[in-house]
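Student: Take this structure first; my questions come after.
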Amino acid sequence: MRARSGRPRRGLRPLRSSPRRARRARARTILVYHPEPGEARAYARLIPRTRGFRAVACATPAEAARAIGEAEILYAWNIPARLLSRAPRLRWFQNMGAGVERVLVPELSPDVRVTRVAGIFGPWMAEYTLGWCLWVTQRIERFRGDQRRRRWRPVDPRRISGQTLCVVGLGDIGRSIARSARALGMTVVGVSRSGRPVPGLDAVHATRDRARALARADFAVLTVPLTDETRGLIGRRELGAMKPTAWLVNVARGPIVDGAALRDALRRRRIAGAVLDVFDAEPLPPGDSLWRMDNVAITPHISGPSVAGEIAPIFADNLRRYLAGRRLRYEVDRRRGY
Ligand code: OXD
């Protein structure tokens, strides 16, 4: 998630956001945590005024450590896990992103409800995925290189229409990518736990048959959450099943792919290349061999940016539900991990 604040919407009045004020007051506390101060304030400003509550915006672990003991609601991105064991009043954690593997840690009490963001990243990630697929089929890298050398070397682009995209993970993000790919005339095959058919997809395979789905792909995109079940989901066997002309796009999480198997497949050109937005370690260390591979495109975890203005309505709706004792939207099943 790359954070980008949206403008405060009209009608929402800013909440006071000083940790000291919050500690003094008796009001119930919504702790807003984001490592970028401007973002923390932007998210806090967009919380609807709610009687009896105040929002405390924190951008450093030290600030959050002072306020977390009071927090009943945590609205956060990337809060250090150690702080979660110091939150005796915490009842609800609204994550500002889609993936919750860093939230579901032993430090978080099992009684805390966790919600995530869904329904907004799909269109961003569809544009990212298809943009990079078109980068391949339109041979953009080659023509830009030729331009830099003032070389005139005609070669036809390839049509993306008719190519096969394999979408591994058919949650809202995967389905959004699938819809956009179909609109460009691609054949779309999916992989899901159940393998149940999904309208608009040409075929859906169960996870255990993922190698068969990947074998059909000209492009494969990973959109599954990181859980015990999906760690290492794409390894030597799956990469070995792919066509040597196929590209892998990872917008999910680095550890879903076996890193050694991926580097090996890329080095030996077992697959044509990879577009990687996520990594085991982020930022990707400067010495990592992926930086040097000419069949790898690297982006710094930006495929699904969190924009405060897009996430605010989800939080506001959940806050209303929380106060009314109703079911929260996008509540995480902590046993399943998403
Ligand atoms: C997220 C992310 O989880 O961007 O939303 O990584």
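Student: Any idea how far the Cα center of the stretch 182-235 sits from the one of the stretch 61-109, in Å?
Tutor: 33
Student: Under a 1.4 Å probe, what is the accessible area of the chain per residue, stated in Å²? Walk me through the numbers on the way to the answer.
Tutor: Working: 16790 Å² over 338 residues.
So the chain comes to 50 Å² accessible per residue, rounded to a whole number.
Student: Return the carbon/sulfur percentage of the accessible area of the chain, one whole number, probe 1.4 Å, all protein chains in place. Before the final figure, lay out each step's value.
Tutor: Numbers: 8070 of 16790 Å².
The value for the chain is 48 percent carbon and sulfur by accessible area.
Student: Remind me, relative contact order of the chain in percent, using alpha carbon pairs under 8 angstrom and six or more residues apart?
Tutor: Numbers: 676 pairs, mean separation 56.9, N = 338.
After rounding, I find 17 percent.
Student: How much space per residue, in cubic angstrom, does the convex hull of the C-alpha atoms of the chain take up? Don't skip to the answer; put the middle values down first.
Tutor: Values: hull volume 53.0 nm³, N = 338.
Given the Cα convex hull of the chain, per-residue volume reads 157 Å³.
Student: Can you give me the span-like helices of the chain, meaning DSSP H runs with 18 Å or more of Cα extent along the axis and Kyte-Doolittle mean at or above 0.5? Before the final figure, lay out the partial values.
Tutor: Numbers: long enough: 121-137 (24 Å, 0.56); 308-323 (22 Å, 0.13).
The qualifying helices are 121-137.
Student: Estimate the FRET efficiency between Arg336 and Asp288 by the formula 1/(1 + (r/R0)^6), using the beta-carbon distance for r and 35 Å for R0, to the nearest 0.05. List each step's numbers first, then the result.
Tutor: Numbers: r = 31 Å, r/R0 = 0.89.
With R0 = 35 Å, the Cβ-Cβ based efficiency is 0.65.
Student: Could you calculate the contour length gain from Val112 to Arg212, that is, 0.36 nm times the residue separation minus the distance between their Cα atoms, to one decimal place in nm? Present the calculation step by step, with values, prior to reporting the outcome.
Tutor: Numbers: separation 100, 0.36 × 100 = 36.00 nm, distance 3.96 nm.
Here the segment from Val112 to Arg212 would lengthen by 32.0 nm.
Student: Based on the Cβ-Cβ distance of Arg196 and Arg236, what FRET efficiency does E = 1/(1 + (r/R0)^6) give at R0 = 30 Å, to the nearest 0.05? Don't jump to the answer; show the numbers that get you there.
Tutor: Values: r = 28 Å, r/R0 = 0.93.
Using R0 = 30 Å, I get an efficiency of 0.60.
The values are calculated or read from the model by the stated rules, or taken from the named source; none is laboratory data. Nothing here was measured: the structure is a model prediction, and the numbers come from that model. Glycine also receives a Cβ, built like all others from the backbone with ideal geometry; neighbour counts cover every protein chain displayed. Please note that ligands, DNA and RNA were not included when accessible areas were found on the heavy atoms of the full protein model with its side chains. Shrake-Rupley method; radii C 1.70, N 1.55, O 1.52, S 1.80 Å.
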